[in-house]
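Right, one structure below, let's go through it.
The values are calculated or read from the model by the stated rules, or taken from the named source; none is laboratory data. Computed from a predicted structure; not experimentally measured. When we count neighbours, we look across all protein chains shown, and the Cβ atoms used for this are built from the backbone with ideal geometry, even at glycine.
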Amino acid sequence: MKKFIKVSRLAALGRIKEECVFLAGGTDIYVALNDGALACATLCDISPLKTLDGIKLKGKNISVGALTTFASIAKSAVIKKYAACLAEAAQEVGSPQIRNRATIGGNVANGSPSGDSIPALYVLKALIKTNRRSVAVEQFFTGPKRTVLKKNELITEILIPRKKTVSSFMKIGARKALAISKVSAAAALDIRGGIITEASIAFGAVGPTVIRCGKTGEFLTGKKLSGNVIAKASQIAAGEICPIDDCRSSAKYRRECAAVILTRILRNN
Ligand SMILES: Cc1cc2nc3c(=O)[nH]c(=O)nc-3n(C[C@H](O)[C@H](O)[C@H](O)COP(=O)(O)OP(=O)(O)OC[C@H]3O[C@@H](n4cnc5c(N)ncnc54)[C@H](O)[C@@H]3O)c2cc1C
């Protein structure tokens, strides 16, 4: 690292001239520092920005501050009530030590297609707010580990519409804890009188960014959840993703797992 700055007020960011790498919980940053990847970087510690930490009801939305840790998200009654899939995803991140440090802002900014919060944010139709603009979550990611964030643009909060959908998240990793997802999935369903009126399905780690399965959602809309419907939906979803072979898994295994975890998620609803 070349230089270290600490900011305690959001307004101070505007006065920084050089390009910074923000430091939030540090769970990704410290790995990169150890690898020597940030040898020439100016590191800007944003952890003192306490106004960016916390979960609040804000009009028709839930506001999750960028510095909110996954431990806080996993135990939040508000998140469990209105965004259950995000609470479940938060509970699956790393280990207790990682969840106590890792922030949702860092997970989103990191832009990994295997970031566990991201499929949940897709199906919840979240809005990513920065110190400059608001971006719909689906427009935020441009490729693996690439986002629309510009020089010194800071994620400040994530807004989630407060709707009474049922939602759920599941992932498959090499172990039960401390495992990066081979495949992850989130689903949000609006069910009225036993009929699905809206369905949103997204998968992580099976494409360059998280993938929303539009055709699967359309297929489910207007139907009752039966064994046949779930089987057909899982088959359609497996055709909508584009997994690759890599060090963590094969494309074939990922495609099969995607169908299995969507079946499990839908059966639970
Ligand atoms: C052992 C281990 C296990 C892990 N397991 C999982 C797992 O199961 N699932 C999973 O999804 N992830 C996992 N991770 C990855 C990591 O914990 C997450 O990506 C974490 O959410 C990053 O948040 P952070 O606050 O630690 O970010 P940092 O490390 O501080 O920063 C990460 C990146 O985001 C940028 N950044 C941070 N905050 C902001 C902001 N507000 N605005 C703009 N840019 C910002 C930083 O500049 C940096 O580029 C694991 C990591 C480790 C080390």
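Looking across the stretch 80-107 at every residue that is more than 14 Å from the chain's Cα centre (by Cα) and under 20 Å from residue 163 (Cα atoms), the one that is farthest from the ligand (Cβ to nearest atom) is identified as 81.
Which of the residues belonging to the stretch 110-129 are near the ligand (Cβ under 7 Å from one of its atoms) and either of a type in the set (Ser, Thr, Tyr) or surrounded by 24 or more Cβ atoms within 10 Å (Cβ to Cβ) (or both)? If the condition is that a residue be near the ligand (Cβ under 7 Å from one of its atoms) and either of a type in the set (Ser, Thr, Tyr) or surrounded by 24 or more Cβ atoms within 10 Å (Cβ to Cβ) (or both), then 112, 114, 115, 116, 117 are the ones that fit.
Counted as qualifying within the stretch 4-98 are the strands (runs of 3 or more DSSP E) with 3 or more residues that are over 25 Å from residue 169 (Cα atoms) and touching a residue at least 40 places away in the same chain (Cβ under 8 Å), namely 42-45.
Matching residues to (1) of a type in the set (Ser, Thr, Tyr); (2) crowded, with 18+ Cβ neighbours inside 10 Å; (3) assigned by TED's automatic domain parsing to the domain that holds residue 102:
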{"site": "5", "(1), (2), (3)": "no, no, no"}
{"site": "10", "(1), (2), (3)": "no, no, no"}
{"site": "14", "(1), (2), (3)": "no, no, no"}
{"site": "20", "(1), (2), (3)": "no, yes, no"}
{"site": "23", "(1), (2), (3)": "no, yes, no"}
{"site": "32", "(1), (2), (3)": "no, no, no"}
{"site": "57", "(1), (2), (3)": "no, no, yes"}
{"site": "60", "(1), (2), (3)": "no, no, yes"}
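Listed here are the residues, each with its yes/no results for (1) in contact with a helix residue (DSSP H, G or I) (Cβ under 8 Å, 6 or more places away or on another chain); (2) under 23 Å from residue 103 (Cβ atoms); (3) buried (at least 24 other Cβ atoms within 10 Å of the Cβ); (4) in contact (Cβ under 8 Å) with a residue 24 or more places away in the chain.
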site	(1), (2), (3), (4)
149	yes, yes, no, yes
155	yes, yes, yes, yes
166	yes, no, no, yes
190	no, no, no, yes
193	no, no, no, no
202	yes, yes, yes, yes
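Residue-level check: of (1) under 13 Å from residue 116 (Cα atoms); (2) at pLDDT below 95; (3) of a type outside the set (Asp, Glu), residue 164 misses just (1).
Every test in (1) more than 12 Å from the ligand (Cβ to nearest atom); (2) modelled with pLDDT of 95 or more; (3) more than 26 Å from residue 164 (Cα to Cα) is passed by residue 28 save one, and that test is (1). Could you list all residues from the stretch 227-253 that are β-branched (Val, Ile, Thr) and touching a Ser or Thr at 6+ places or on another chain (Cβ under 7 Å)? 230, 236, listed by residue number. In the stretch 214-269, counting only helices (runs of 4 or more DSSP H) that sit wholly within it, the ones holding 3 or more residues that are among the hydrophobic types (A, V, I, L, M, F, W, C) and in contact (Cβ under 8 Å) with a residue 40 or more places away in the chain span 251-267. Taking the listed residues 56, 75, 17, 3, the one that is within 27 Å of residue 177 (Cβ to Cβ) and away from the ligand (no atom under 14 Å from the Cβ) is 75, with no other qualifying. The set of residues in the stretch 156-198 being within 16 Å of the ligand (Cβ to nearest atom) and of a type in the set (Asp, Glu) consists of 157 alone. When only residues in the stretch 136-147 that are crowded, with 18+ Cβ neighbours inside 10 Å and β-branched (Val, Ile, Thr) count, which is farthest from residue 56 (Cα to Cα)? Among those residues, the one meeting the criterion is 147.
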